[in-house]
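Structure record follows, encoded as structure tokens.
Laboratory data are not the source of any read-out in this text; all were calculated from the coordinates shown. Note that this is a predicted model, so its numbers are computed, not measured. Ideal geometry is used to build each Cβ from the backbone, glycine not excepted, and the neighbour counts take in all protein chains shown.
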Amino acid sequence: KKFVYDFNEGSKELKPLLGGKGANLAEMTKIGLPVPSGFTVTTEACNEYYKKESVLWDELKEEIFQHLGLLEKESGKKFGDIKNPLLVSVRSGAVISMPGMMDTILNLGLNDESVVGLAKITNNERFAYDSYRRFIQMFGDVVLQISKYKFDHMLEKIKQQRQVEQDTDLTAEDLKNLVIEYKKVIEKETRQVFPQDVKEQLLMAIEAVFKSWNNPRAKVYRRINDIPDHLGTAVNIQMMVFGNMGETSGTGVAFTRNPSNGEKKLFGEFLMNAQGEDVVAGIRTPQEIQALNSRMPDAYNQFVELTDLLERHYKDMQDIEFTIEGGKLFILQTRNGKRTTHAAINIAVDMVEEGLISKKEAIMRVEPQQLDQLLHPTFNEEELTKAEVITKGLPASSGASYGKIYFTPEDVVKINSTGERAILVRHETSPEDIEGMVASVGILTARGGMTSHAAVVARGMGKCCVAGAGEVRINEANKTFTVGNRVFKEGDYISLNGNTGEVYSGKVGTQNPQLTGNFQTFMGWADQYRRLKVRTNADTPRDTRQALEFGAEGIGLCRTEHMFFDDTRIPVVRQMIISRTIEQRKKALDKLLPMQRQDFKEIFEAMGEKPVTVRLLDPPLHEFLPHEEEDIRSLAKSMEVSYQQIKEVVNDLKEFNPMLGHRGCRLAVTYPEIYQMQVQAIIEAAVELKKEKAIEIIPEIMVPLIGEVKELQYIKDIILKTIEEIIEKSGVEIKYLIGTMIEVPRAAITADEIAKEAEFFSFGTNDLTQMTYGFSRDDAGVFIKEYLEKNILEKDPFQRIDRNGVGKLMEIAVELGKKIRPDIKLGICGEHGGEPNSVEFCHLLNLDYVSCSPFRVPIAKLAAAQAAI
Ligand code: PEP
Ligand code: MG
């Protein structure tokens, strides 16, 4: 089996094998771009490595050295040579890019001999020793796992001794000394000398990259981004070119379009006399790419041409790394650039208009989940005019946010768990900060540019980020930062504008965004292709209006119990529950009736003639009762009954397992008058709207938690009688549907019987998952976390439909239901209705609609369109 590919043997189609970076290096080589030669060790080799209990096997080593030999021949240099040494970079390259998560080593192949050769052949001793010390440091960090600061400390010490500011001010002699010091650090930390055998260096580095696939930050990143663990990483070994050879050398990163807002303009940064990691790590703040034009116009113009070519070739916005060595341009990497959702939509729409991609391709370019970013707040304009800007950094990732400042990722995680909004403030972020970044509502860094780690990662998360705010002086020990003479302490509020880079003192309120322009165009295209309708779960007129703004096409679930919790209603609800006789209960229900009717009227009216599914009361009654002694006393007083009486009711209603207890349709079997009242409110609301406004409503009345068709028959009888009475009395004809939720596994497997009575099914996948797995939906969070960490579950089944189990039951129910009633209406209203992967499943099952919370309506729409393409 072949485990190593030369760059000129591959192409972009081989991405699963060569990883993203390797495949694109091969592709660029194929189309004739100036790419330094090299080869790729495949992802299969990485997986094989783990299978072989983490040792490199002999055949693989041989294959690697064979390709190394080819590289020597092509370059005319020799690995480890004292005259003309070949140096390589060793870089990870996963199939799905994970920026900054895995490791890179530059300048490999240097030792005490070859460094002399490098100095001679480049006629630049300083450069040679600078490369050597960088290599030892990276090798020490990545391969030997020695903390970076141990090296940084030595560097600082020499700079102090020599009284210089910049690394570039150190002389060749200084750097030689630094190499000696670095080697001592390695000997002290590992009790072994720094390896002088360059082949050994190479194998150790390749192994380290394989291992970095499973470092903690890569694992966290994969979990957050849903990247499977079994993919493995490829390793790219590429001939070094040097951006640190002097003032006609440099290195940089550029995006073919603006990754924050999508503007069609080359966007990037470079540093002269530097190596790649200097730009990405944000150690020196780089210059805008356009400034390269005045320094090196030829290289600049060639670069602009190539970026154009690459974008047209890949038909997507590219993120390109380049190096200039002695005036000659090399492309080191290209990949589809990470971008904010705002940019993603603008770029997709622009590219359709430019004729570069089709509408269908445009729709596939935006991750549905990403839309979430757009539906989130911007600053409240009014508050903004009064707010005080304290400083400005780079607009690294768009959005607006306010929060309390914290200086370590650990503190942010801690504060976030208490429900507070925390902003992470750092000199610069590093991949170890990832969990703090996830837990923050925004990120502020003092150093680093638009392509620094913080910026790239924040954009991926859709998190607001201001980077490189140079006036911010952070004192980590005191947990403060200062701007000029103003001091901000841990826990103080600041606000960040990720679109402009502005930082405000205090809290600037935020508001929901306007969804117009390209967003509308884009969603319009999604609407053309999707088959699934998208409804919303809404219980109040306010939610209903919000959902309509986001484009809901109906209500798939109105949980009527949420109307019961209102402050003015809860006493009446309680009165109903503690009633001892039917008469007492009816009296309370009579009071609730007009309130419910008014709610329904408002919701129906807001929805126009769009379908509305109203679910009859579902939760166990005890949820409405007070449990603290004090509350029971005050209820007793207000209802003019004894404390004892209420206490007894509360005790009577207590259940060992309320989720499987007296709830759902079971309540109506015991207290039919509750559903009677609700049905009366629904139908009367429809009658009134028809009379008053000529709005024709077809209410869909939904009975929850059916498991046995006779339950439904019993309740349906009561519902029908109630409806007929009202219709007759009012003389107004109202059409309606009566259906059920499929939440109990038994309902799914007897769906043919149930379909005889039900005109529609709505899958309540929250309860269906609970009862299929036997996982309590209120308690499972704790252990599901462990299941995920231990790979027993790939995904929380309460978030994404478990297709093999719960999904199977749904499939059965659809098939049995359609057999009896071919036109049965089918939908889903569990939380899964807004989760893209589950939406795709619903599309495949041929459901009529999904229903989800208002904020997820656009997400579900896009997911539905992608499923249909
Ligand atoms: C469900 O069970 O999926 C459902 C929508 O009902 P609820 O979440 O209200 O139990
Ligand atoms: Mg339910």
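Per 0.36 nm of contour for each residue apart, how much would the distance between residue 9 and residue 157 grow if the chain were fully extended, relative to their Cα-Cα spacing? Don't skip to the end; give the middle numbers.
On the way: separation 148, 0.36 × 148 = 53.28 nm, distance 4.68 nm.
That pair, residue 9 and residue 157, stretches by 48.6 nm at full extension.
At R0 = 35 Å, how high is the FRET efficiency between residue 656 and residue 586 if r is their beta carbon distance? Nearest 0.05 is fine.
The value I calculate is 0.70.
Mind giving me the FRET efficiency for residue 199 and residue 121? R0 is 22 Å, r the Cβ-Cβ distance, nearest 0.05 is fine.
Working: r = 21 Å, r/R0 = 0.94.
So, using R0 = 22 Å, E works out to roughly 0.60.
Under 1.5 on a/c is rounded, so check that first for the range 605-763, then, if it is not, pick prolate when a/b is larger than b/c and oblate when it is not; a ≥ b ≥ c are the square roots of the alpha carbon gyration tensor eigenvalues. Kindly include the intermediate steps, with their values, before the conclusion.
Details: a/c = 2.43, a/b = 1.40, b/c = 1.74.
The shape class here is oblate.
Multiply the residue separation of residue 358 and residue 380 by 0.36 nm, subtract the distance between their alpha-carbon atoms, and state the gained length in nm to one decimal.
Result: 4.3 nm gained on full extension.
For the peptides 807-818, 409-420, 702-713, what is the packing order when you average, over each peptide's residues, the other Cβ atoms within 10 Å and list the highest mean first?
My ranking of the peptides, most packed first, is 702-713, 807-818, 409-420.
Roughly what would the spin-label model give for residue 628 and residue 264, points 7 Å off Cα along C-beta, in nm?
It works out to 6.2 nm between the two label points.
Using only Cα positions of the range 612-706, each an equal point scatterer, no hydration layer, compute I(q)/I(0) via Debye at q = 0.11, 0.18, 0.25 Å⁻¹ and quote the log10 values to two decimals.
These q points yield log10 I(q)/I(0) values of -0.48, -0.89, -1.18.
Which value results for Rg/Rh of the range 252-386 when Rg is the Cα radius of gyration and Rh the Kirkwood radius based on the inverse mean 1/r?
Computed over Cα atoms, the ratio is 1.04.
Under the classification rounded if a/c is under 1.5, otherwise prolate if a/b is larger than b/c and oblate if not, where does the range 387-503 fall, given a ≥ b ≥ c as square roots of the Cα gyration tensor eigenvalues?
Numbers: a/c = 1.29, a/b = 1.02, b/c = 1.27.
Rounded shape, in that the Cα axes give a/c under 1.5.
If R0 is 22 Å, what FRET efficiency do you get for residue 483 and residue 165 from their C-beta distance, rounded to 0.05?
With R0 = 22 Å, the Cβ-Cβ based efficiency is 0.50.
Counting DSSP beta bridges in the chain, what percent are antiparallel, to the nearest 5?
Counting only bridges with both partners in the chain, antiparallel ones make up about 65 percent.
How big is the Kirkwood radius of the range 756-869, worked out from every pair of different alpha carbons and given in Å to one decimal? Present the calculation step by step, with values, prior to reporting the outcome.
Numbers: mean 1/r = 0.0681 Å⁻¹.
By the Kirkwood definition, the hydrodynamic radius is 14.7 Å.
Among the chymotrypsin sites (Phe, Trp or Tyr not before Pro) in the range 4-92, which ones are in a DSSP loop with at most 16 other Cβ atoms within 10 Å of the Cβ? Mind listing them?
57
Name the residues of the range 35-49 whose amide N is less than 17 Å from a point 7 angstrom out from the Cα of residue 328 along the C-beta direction?
It comes to 35-38, nothing else.
Looking at the range 387-503, what % of its DSSP beta bridges pair antiparallel, to the nearest 5?
Counting DSSP beta bridges with both partners in the range 387-503, the antiparallel share is about 65 percent.
Sorted by mean Cβ packing within 10 Å, highest first, what order do the peptides 261-268, 655-662 take?
The most tightly packed comes first, giving 261-268, 655-662.
Amide H to amide H, which residues 5 or more places from residue 552 or on other chains are under 5 Å from it, using H placed in the peptide plane?
Amide H to amide H, under 5 Å and 5 or more residues apart or across chains, residue 552 pairs with nothing.
Measuring from centroid to centroid over Cα atoms, what is the spacing of the range 495-552 and the range 557-618 in Å?
Measuring centre to centre over Cα atoms gives 30 Å.
When the helix-only estimate is applied to the chain (DSSP H runs of n ≥ 4, each -39,500 (n - 2.57), divided by the residue count), what is the mean residue ellipticity at 222 nm, nearest 500 deg cm²/dmol?
Values: 35 runs with 397 residues, N = 869.
Computed mean residue ellipticity for the chain: -14000 deg cm²/dmol.
Please tell me the relative contact order of the chain in percent, rounded to the nearest whole number, where contacts are Cα pairs under 8 Å and at least six residues apart.
9 percent
Under 8 Å for C-alpha pairs, at least 6 residues apart: give me the relative contact order for the range 387-503, rounded to a whole percent.
Answer for the range 387-503 is 37 percent.
Sorting check: for 620-628, 722-730, which peptide has the highest mean count of neighbouring beta carbons within 10 Å, and how do the rest follow? Walk me through the numbers on the way to the answer.
Values: 620-628: 16.6, 722-730: 14.7.
My ranking of the peptides, most packed first, is 620-628, 722-730.
So, in Å, what gap is there between the alpha-carbon centers of the range 754-821 and the range 667-708?
The range 754-821 and the range 667-708 have Cα centres separated by 27 Å.
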